[in-house]
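Since the structure comes first, as C-alpha cells, the remarks are kept for the end.
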Amino acid sequence: MKRRHWLQWGCVQCACLAGMARAQGWTMPPRFARPDAASEEGGLWALMDREEARLRRSPLRMRDEALTRYLSDTACALAAEHCADVRVYALRTPYFNANMAPNGMMQVWSGLLLRMENEAQMAAILAHEIGHFLQRHSLEKLRDVKARSAVATALSVFGVYGLVGQLLVLGSAFPFSRDQEREADAISLVLMRKTGFDTREAPKVWANLLAELAANPATSENSLDNILFATHPSSEERRRTLEREAAGGSGVVGAEAWRQRLAPVRGMLLEDELKRGRLDESLALLDRLVAAEPQSAELLYFRGEARRQRAADGDLPLALKDLQTAASDPQAPAGTWRAIGYLERQRQQPAAARAAWQRYLEIAPDAADAALVRQSMEELP
Amino acid sequence: MNIPRRALLLGALLLAAGCAQVSKVASGQVTVGGRIVVDADKDWNQFEQTLSDGTPTWTKEGIAVDELKFYAGLKDGTLIAPTPSEPKGQAPLAFKAGMQAADVVALFERRYSRGGSTFTLEKVMPVTFVGGSGYRFEFSSIRKVDDLRLRGVGWFAVRNGELWAITYTAPRLAFFPAGIAEAESIARSARIKS
Amino acid sequence: MNPIRRLRSAGVLLLCAALAVAPAWSQPRTPAAAATQSKQLAPGFSHLQLGDKLLLMPIDVELYSVSAGGIDEPRADWTAKAHANLLQAIQERKRAARVDVVELSPDKADDFAEQSGLHAAVAQAIALHHFGDPMWALPTKAGRLDWSFGDAMRPLREASGARYGLFVWVRDSYASPERVAMQIAIGALTGIVLAGGAQLGYASLVDLDTGQVVWFNRLARAYGDLREPQPARESVDALLQGFPGVK
C-alpha cells in the first residue's frame, strides 16, 4: 500500500517540478529557519536531532581528524550560505550510502568513501545531497521516519532485520523520485562549478557503481534488494544526462589529495569490504582501484585476497600473481605473506608455504592469528 | 500500512511455532543438537527454533543480550546462520567440509559482520576442543542496529568434514565478564556424543 | 515454512498473545495489584531510603500523530510537552516522596552513551521476558526481576553522587486503525495485542552501585495522553505505578 501511495505522491511532485526552474536558472534558497514545533517538519527536525545525537556518540562514527575535517570543510564550501546549517558525520559501515536530513545532518558511510576516486567525486556526492537538502526533498522521503522509533525498537530487540530493514525503517531506503534525483544532480553540478571542482567526475561515480553491480550476476539495477541502490537508484539515463550536462567542465579533480586523506583508513575499509561477502562487487571495485594505482601493494594484496576467498574458476592463479607482486614491496601488508602461505599450501607447495608464513610471523609476531599460522606451519608435511 | 510495518508484522507472525518460546536447561550433563554433550554448572534458558535461527541457543539474560550457540556437527554445505532477506548475490554463510581453521574463523567473521556490524578479531589459537585439536578465537563487535559493543569467544574443530563449534557473545560491559567463565567451562567440557 | 504452516503459526501466536493480554489492561488496587508490584521489584528490594538521591537519565520519549491520510508523523510539540510533563510529574513525586532527583545534563549524556545503550538493550529484554507474554519468560529467572549491570553503572554514580538511576522510555501515538497493524506486530513481539491506540513504555530504577535493576514497570495500554499536564499526570502515574516508596 505504501508503494502505491508513494508513487501517487511522486506524480504530484512531478507536476510541481515541471514548473520549477531548470539548473541554469536555479538560485540558492535562503537559509531555513527552524520550523514550528507543531508542524510536520518541526516533528521531523526534532526526531532527526535525536538521531543526530545518537550518531554523534556512536562507536561507529569515524574520528580520523583529517578526513572528517575535510568532509566538513568541503560540504561547507559547497553549501555556501547554508554552511552553518550543515554537519557531516562519517560512519564506519561498508555500504554505499550518503543522506542528509532536513535538520542539516549529513551522514556518509565508509563504503562510499572507499569508492571515491578523487576529491571531485566526493564533492559530487556531497553536493548532490546538499541539493536534496536545499530543495527539501528529504522532507517528503522522511515521512516514514515517524514509525522509525517504535518499529526500530522492536526490530532492535531481535536484530532479525539486516541493514536493508534498518534503512527501510529510517526511510532512507525509499528512493527519491526520478525528478528529485534529476534536480539534485543538476544542482550538484552548479555547486561543483561554483566551488571549482571538475564536474566531469560526477557521472563517473554512478558509472562505477553500475559497473560494480553488473559484476554481480544475481543483482539487478534499481533493485531495492541491493543495498548499493537502496538509497540512490541509478540508471543509465541519469548517468547520460549527467555526462551531457557536465561536459566541458574543468577544475579540481584532486585524485592524489584524496588518496592521501583516505590512506590512514583505507586498509580498515578494505577489510570491512571483503567481510561483506559480496566478492564479485568487491573485485569490480578492486580492479578499478588497482587500475588507478597499479603499484599499490595494499591494493594488490586485497585484490589477491578477494580472489583467494572467492576461489571461482581461474581465481587462484590470479590471486597468487597479485600477492607475489605485492610481496615484492617490503611495505606490503603483512597479510600478503599469510595469504601466499594459504595458497601455496593449497597448491601442495609446503616449502613455499612455510617460507611465506615464516615471513608473516617475522613481520607480525603479535598478529591476532599468529598462533593459528604457527600451528598451520607445524602441520605442513 | 507502509512497508516496514508490513515486514515487521510478517516477521513477527513467522516467529512462533507454538506457545513456550523458551525452555529450561537444567544443570548437569546436557546433549545439545542431538550430538554434542556438555556439562553445565548452572541452569540456562534455551530459545526455541524460531528465536534461535535454527541453531541451538542458550541465554541467561535474554534476547539480544547474551547468547551461547552450539553448532553440533554441521555437514558440508550447512549454513551457520540463515541467509537473511537481504541483498541477493550475498555469499551464504555455508560451512564447507574442506575448510581450514582460518576459513572457519573467516566464516564467523562474516556472520558477525552482517548488516554493517563490525568484527575485530583479537586472538585465535589452537586449543583442545571436543576431545581433539581445535581452535579458540576472541573478538569484539559493534552491533550496527543499536551501537552495542559486544565481546565474543568461539571454539571450533573440524572432525571428519563436520563443524563442531560453540560461540558466546555478550555486551562488553558487565555481561561478558560475568558470563564468560561459565561459557569457558561448558566449552571445555564439550564432547561428541558417541 | 510453507504458507499454510505460516498462517497456522500466526493464528497460534495471536491466540497465545491474546490470552495473555489481560494483566496489561488494568491497574486495579487489588491483590492482583500487589502481585504486580512484587513482580516489579527485585528480590530483597522494597523501598528507597530517606536521603537517597536519584539520577534521572535523559528521558527517551516520542509522540506521534496519525494523520487522516494514515501517516504517522512525529510531533515535536507533543514530544516536548510530554517530556516537560513527565519531568514535572517526576519532580512532583520527588517532592511528595522526599527523594532528591538530579538530572543528567545533556552534555554529560555522551560520556555515558554505552551505559545508556546497554540499559536500553537490557530493558527490552526485561520488557519481553519478564512483562511480556508468559511464552517468552526465561525459566531461570523464575518469575523474578533479576537483572544486573554489575559495576558498569558506577561511573554514573561517581559523576552524579546518586545512588539510583531512573530510565524512562515512551512511545505513544494518538490515532487510529492505521497504527493498529503496527501495534499488532509489536504486540506479537512483546505479548500485547492492542485494539486501539497505544502507549508503550517502561520506567526502570537501577542501583548504580550494585547494578541491580531494583524496580521496573512496563506500560502497554490503549489510552492515555501525555500532551496536556492533567491527563499526562495520569499517564505518568501509570508509568510510575508501583514506584517504591521511601522509608
Practice task
Mind jotting down the distance between the C-alpha centroids of segment B:177-194 and segment A:21-70, whole Å?
Solution key: 48 Å
Handout entry: For segment A:70-130, share of DSSP beta bridges that run antiparallel, in % to the nearest 5
Key = 40 percent
Handout entry: Point-to-point label distance, C:Gln230-A:Met28, nm (Cα→Cβ direction, 7 Å offset)
Key = 5.1 nm
Fill in the blank from the handout: 1/(1 + (r/R0)^6) with r = Cβ-Cβ of C:Val102 and B:Gln49, R0 = 60 Å, i.e. FRET efficiency to nearest 0.05, evaluates to 0.80
Fill in the blank from the handout: Once C:Ala84 and C:Asp110 are pulled to full extension, the length gained, defined as 0.36 nm per residue separation minus their Cα-Cα distance, is 7.2 nm
Completion exercise
Inter-chain shielding metric for A:274-281, i.e. average beta-carbon neighbours from other chains within 10 angstrom, reads 6
Practice task
Putting +1 on Lys and Arg Cβ atoms and -1 on Asp and Glu Cβ atoms, find which of B:Gln29, B:Pro126, B:Ala40 reaches farthest to the positive end of the dipole of chain B.
Solution key: B:Pro126
Handout entry: Whichever lysines have a C-alpha closer than 17 Å to that of A:Lys275, once near sequence neighbours (fewer than 8 apart) are set aside
Key = B:Lys88, B:Lys144
Problem - segment C:124-173 and segment C:226-240: distance between their alpha carbon centers, rounded to Å - result: 22 Å
Fill in the blank from the handout: In segment B:102-194, the trypsin sites (Lys or Arg not before Pro) that sit in a DSSP loop and have at most 14 other Cβ atoms within 10 Å of their own Cβ are B:Lys193
Practice task
Check each of the trypsin sites (Lys or Arg not before Pro) in segment C:140-169 and keep only those in coil by DSSP with at most 16 other C-beta atoms within 10 angstrom; list them in order.
Solution key: C:Arg144
Problem - Label-point separation in nm, A:Asp36 to A:Ala218, each point 7 Å along Cα→Cβ - result: 5.1 nm
Practice task
Determine the shape class of chain B: with a ≥ b ≥ c the square roots of the Cα gyration tensor eigenvalues, call it rounded for a/c under 1.5, and otherwise prolate if a/b is greater than b/c, oblate otherwise.
Solution key: rounded
Practice task
Once you've got the Cα coordinates, tell me which of B:Lys69/B:Lys123; C:Lys39/C:Lys94; B:Lys96/B:Lys123; C:Lys94/C:Lys247; B:Lys42/C:Lys141 are over 21 Å apart.
Solution key: C:Lys39/C:Lys94; B:Lys96/B:Lys123
Practice task
Would you calculate a helix-derived [θ] at 222 nm for chain B, using -39,500 (n - 2.57) for each DSSP H run of n ≥ 4 and dividing by the full residue count, to the nearest 500?
Solution key: -7000 deg cm²/dmol
Exercise for the section: Determine, from the Cβ-Cβ distance of B:Thr83 and B:Asn160 and an R0 of 22 Å, the FRET efficiency 1/(1 + (r/R0)^6), rounded to the nearest 0.05. Expected result: 0.25
Completion exercise
Note to self: with every protein chain in place and a 1.4 Å probe, chain B gives an accessible area per residue in Å² of 37 Å²
Completion exercise
For the pair A:Gln295 and B:Arg35, the simple spin-label estimate (label points 7 Å beyond Cα toward Cβ) gives in nm 5.3 nm
Exercise for the section: Find how much the distance from A:Gln346 to A:Arg69 grows on full extension, using 0.36 nm per residue of separation minus their present alpha carbon separation; answer in nm with one decimal. Expected result: 95.2 nm
Problem - Within-13-Å neighbourhood charge of A:Leu67 [Cβ basis; K, R +1; D, E -1] - result: +3
Handout entry: Karplus (6.51, -1.76, 1.60) ³J(HN,Hα), θ = phi - 60°, over segment B:38-44, in Hz, Gly and Pro reported as x
Key = 9, 10, 9, 6, 10, 6, 10
Problem - Computed E for A:Gln358/A:Leu318 - FRET, C-beta separation, R0 25 angstrom, nearest 0.05 - result: 0.55
Completion exercise
The answer for the net charge of residues other than C:Ala142 whose Cβ lies under 15 angstrom from its Cβ, with Lys and Arg +1 and Asp and Glu -1, is +3
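The values are calculated or read from the model by the stated rules, or taken from the named source; none is laboratory data. Bear in mind that the values here come from a model prediction, so they are computed numbers and not experimental data. As a convention, Cβ positions derive from the backbone with ideal geometry for all residues, glycine included, and neighbour counts pool all protein chains shown. When the accessible area is computed, the model is the full protein with side chains, heavy atoms only, and any ligands, DNA or RNA have been set aside. Shrake-Rupley method; radii C 1.70, N 1.55, O 1.52, S 1.80 Å.
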